[in-house]
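> Sending over a structure as structure tokens; questions will come in a sec.
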Amino acid sequence: MLDQNQIQAPTANDHPAYLYYLDKLKITVILIVVFYHATIVWAETSIWWPIKSEQEIAWLKNLIAVDEAFFMGLFFLISAYFHRPSLERKGPKKFLNTRLKRLGIPLLIQLIFISPFLTYAYYLNFRNYGPIPFWKYYLTIYWGMSSTPPFFPHSPPHWGGPNWLDAQFVHLWFIEILLLFGCIYIILHLIAKKLNIASKKQMRNSPFSNWSVHLGLVGYIVFLAITNYIVRIWHPIHEWDAICATIQIEYAHLPEYASLFIIGLLAYRYNWLARTPKKAGFIWLSIGILLAVIIYTELLVNYIPITPGGKSSEALIYAAYESLLGSSLTVGLLVLFREKFSTRPGLIGKKLSENAYCIYLIHVPIVITLQYFFIKTNLPESLQLGLTGLFALSASFIISHYCLRRIRCAKAILG
């Protein structure tokens with residue numbers, strides 16, 4: 001996630017400028033994330049979630065597919081963009097300490113104090129092992145500390161997933177992977193420095209030609225489509241694994257996340273965001289919007305069905321479609337916000353920016369609480385969804401702005 005004091009980078013004229021447009025794009029993506037999690041209860045998907053409604057909204061499956069094609073990859077790109085200037089300003093030791101404090105502490109709080117209640121709710125509602133007290137679940141299922149079979153060392157028969165043990169970070173998997181990528185980046189930086197091959201920042205001012213952007217992006221899309229297809233033969237979309245019982249990962253989208261993190265690092269070094277022509281960006285934005293609209297038509301059902309994985313031609317076609325959609329929207333949105341939303345934000349925008357990280361951290365328990373409430377009402381499902389998203393966003397902002405960020409030790413972490 002972005003630190004408020006990090007939103008500075010060179011422009012095409014090689015002068016520092018506060019990148020308000022990246023700040024606004026970050027806020028937009030976080031809003032999408034909140035509503036994305038609000039939709040899961042009423043969507044026909046294989047996404048693990050602590051609660052599920054018997055009533056489904058058909059079009060949500062397509063909306064989720066569009067979101068997953070670009071929004072978290074865009075997050076990784078924006079976050080990586082500020083790694084190098086932060087590392088240059090602070091040095092490796094201070095940079096790592098800052099990342100561990102800002103990312104690591106929320107991860108531990110989530111893992112120890114918040115996730116257990118979310119997974120316990122799932123255990124009671126969707127697993128057929130009978131109710132048990134929370135403390136027993138916390139020790140034997142969440143942490144696997146019991147020595148009594150069948151809870152240790154093996155999972156119970158017919159385990160309902162997503163992983164064993166049940167301990168997980170839920171939505172903070174992004175923070176975990178971002179911290180892991182950051183640590184790898186520091187290690188590679190130190191190795192390069194030790195071998196005296198570390199290069200200085202290579203800022204460029206001249207804009208790219210439209211065709212160079214088109215050709216570069218087409219090459220990347222082909223690479224990503226092939227890589228996604230190969231990975232998804234064994235690990236389909238929404239299949240999560242836990243490496244060493246702690247690193248929560250969805251392999252199906254890992255090529256996108258890792259490659260966009262690298263692109264974010266290179267984008268700062270070579271000033272790609274400022275050098276990308278407006279015309280090329282808007283062309284790709286138009287392509288992305290068109291592809292996003294297509295997903296709601298019969299064309300998708302007949303020729304591009306949403307296929308999580310496997311060796312079929314449909315899986316290859318969908319991997320190519322998703323790669324094209326995600327890459328188009330990523331480039332297009334970056335250029336759109338650079339051209340149209342680069343001015344200083346007003347009071348509301350400033351407050352949202354200050355609280356964006358905290359909103360991301362705390363919104364899921366609030367979303368789930370509201371979902372448990374609304375699915376018991378007789379309101380139309382679309383209205384339940386809308387109210388869940390709006391109330392969750394409002395409550396997250398209020399708790400962040402008026403409570404958590406007013407605590408001195410918390411504000412040091414939340415920014």
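The values are calculated or read from the model by the stated rules, or taken from the named source; none is laboratory data. In this text, all values refer to a predicted model and were calculated from it rather than measured experimentally. A quick note on method: Cβ atoms are made from the backbone with ideal geometry, for glycine too, and the neighbour counts reach across all protein chains shown.
> Tally up the residues in the stretch 104-155 that are at pLDDT below 90, of a type outside the set (A, V, I, L, M, F, W, C) and within 19 Å of Gln371 (Cβ to Cβ), please.
Qualifying residue count, the stretch 104-155: 4.
> Another question about this same structure. In the stretch 235-258, how many are assigned to a helix (DSSP H, G or I) and free of Cβ contacts under 8 Å to residues at least 60 places away in the same chain? I'd like the intermediate steps shown before the answer.
If we filter the stretch 235-258 for residues that are assigned to a helix (DSSP H, G or I), which is where we start, we get 251-258.
Still in the list and also free of Cβ contacts under 8 Å to residues at least 60 places away in the same chain: 251-252, 254-255.
Total satisfying the criteria: 4.
> Closer than 25 Å to Trp173 by Cβ, surrounded by fewer than 21 Cβ atoms within 10 Å (Cβ to Cβ) and under 15 Å from the mean Cα position of the chain (by Cα) - does that describe any residue in the stretch 258-269?
Yes, the stretch 258-269 has at least one match.
Residues checked against (1) touching a strand residue (DSSP E or B) at 6+ places or on another chain (Cβ under 6 Å); (2) over 30 Å from Ile57 (Cβ atoms); (3) touching a residue at least 60 places away in the same chain (Cβ under 8 Å); (4) among the hydrophobic types (A, V, I, L, M, F, W, C):
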{"residue": "Leu324", "(1), (2), (3), (4)": "no, no, yes, yes"}
{"residue": "Arg338", "(1), (2), (3), (4)": "no, yes, yes, no"}
{"residue": "Ile366", "(1), (2), (3), (4)": "no, no, no, yes"}
{"residue": "Lys376", "(1), (2), (3), (4)": "no, no, no, no"}
{"residue": "Leu379", "(1), (2), (3), (4)": "no, no, no, yes"}
{"residue": "Gln384", "(1), (2), (3), (4)": "no, no, yes, no"}
{"residue": "Arg408", "(1), (2), (3), (4)": "no, yes, no, no"}
{"residue": "Ile413", "(1), (2), (3), (4)": "no, yes, yes, yes"}
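> Let me ask another. Based on this model, can you work out whether Pro92 counts as over 26 Å from Ala274 (Cα atoms) and crowded, with 18+ Cβ neighbours inside 10 Å?
Working: over 26 Å from Ala274 (Cα atoms): yes; crowded, with 18+ Cβ neighbours inside 10 Å: no.
Taking the combined requirement at face value, the residue does not satisfy it.
> Let me ask something else. Can we say Ile348 is closer than 18 Å to Ile32 by Cβ, out of contact with any Phe, Trp or Tyr (no Cβ under 8 Å at 6 or more places or on another chain), free of Cβ contacts under 8 Å to residues at least 60 places away in the same chain and in a helix (DSSP H, G or I)? Let's see the steps before the verdict.
Working: closer than 18 Å to Ile32 by Cβ: yes; out of contact with any Phe, Trp or Tyr (no Cβ under 8 Å at 6 or more places or on another chain): yes; free of Cβ contacts under 8 Å to residues at least 60 places away in the same chain: yes; in a helix (DSSP H, G or I): yes.
So Ile348 fits the description; yes.
> Any chance you could count how many residues in the stretch 80-138 are aliphatic (A, V, I, L, M) and either touching a Phe, Trp or Tyr at 6+ places or on another chain (Cβ under 7 Å) or in contact (Cβ under 8 Å) with a residue 12 or more places away in the chain (or both)? Break it down stepwise before answering.
Our first condition is that a residue be aliphatic (A, V, I, L, M); within the stretch 80-138, this holds for 80, 87, 96, 100, 103, 105, 107-109, 111-112, 114, 118, 121, 124, 132.
In the following step, the residues that additionally are either touching a Phe, Trp or Tyr at 6+ places or on another chain (Cβ under 7 Å) or in contact (Cβ under 8 Å) with a residue 12 or more places away in the chain (or both) were identified as 80, 87, 96, 100, 103, 105, 107, 111, 114, 118, 121.
Count: 11.
> May I ask you to say which residue of Gly216, Gly264, Gly288, Gly310 is of a type in the set (Gly, Ala, Ser) and assigned to a loop (DSSP other than H, G, I, E, B)? Don't jump to the end; show me each part of the working.
Values: Gly216 fails: assigned to a loop (DSSP other than H, G, I, E, B); Gly264 fails: assigned to a loop (DSSP other than H, G, I, E, B); Gly288 fails: assigned to a loop (DSSP other than H, G, I, E, B).
After ruling out the rest, the residue left standing is Gly310.
> Which ones in the stretch 267-285 are farther than 23 Å from Leu178 by Cβ and assigned to a helix (DSSP H, G or I)?
Here is the first cut: in the stretch 267-285, the ones farther than 23 Å from Leu178 by Cβ are 274-285.
Correct list: Ala274, Arg275, Lys278, Lys279, Ala280, Gly281, Phe282, Ile283, Trp284, Leu285.
> For His238, work out the one condition from (1) in contact with a Pro (Cβ under 8 Å, 6 or more places away or on another chain); (2) over 24 Å from Ser79 (Cβ atoms); (3) surrounded by 15 or more Cβ atoms within 10 Å (Cβ to Cβ) it doesn't fulfil.
The one condition His238 does not meet is (2).
> In addition: Please count how many residues of the stretch 231-252 are among the small types (Gly, Ala, Ser) and modelled with pLDDT of 85 or more. Steps first, please.
Restricting attention to the stretch 231-252, the residues satisfying the condition of being among the small types (Gly, Ala, Ser) are 242, 245, 252.
Next cut, modelled with pLDDT of 85 or more only: 252.
Total meeting the criteria: 1.
> Restricting to the stretch 164-175, and then to whatever is within 20 Å of the chain's Cα centre (by Cα) and not in a helix (DSSP H, G or I), can you tell me which residue is modelled with the highest pLDDT?
So the first thing to find is which residues in the stretch 164-175 are within 20 Å of the chain's Cα centre (by Cα), and the list is 167-175.
Still in the list and also not in a helix (DSSP H, G or I): 167-169.
Details: Ala167: 88, Gln168: 89, Phe169: 93.
Ranking the candidates gives Phe169 first.
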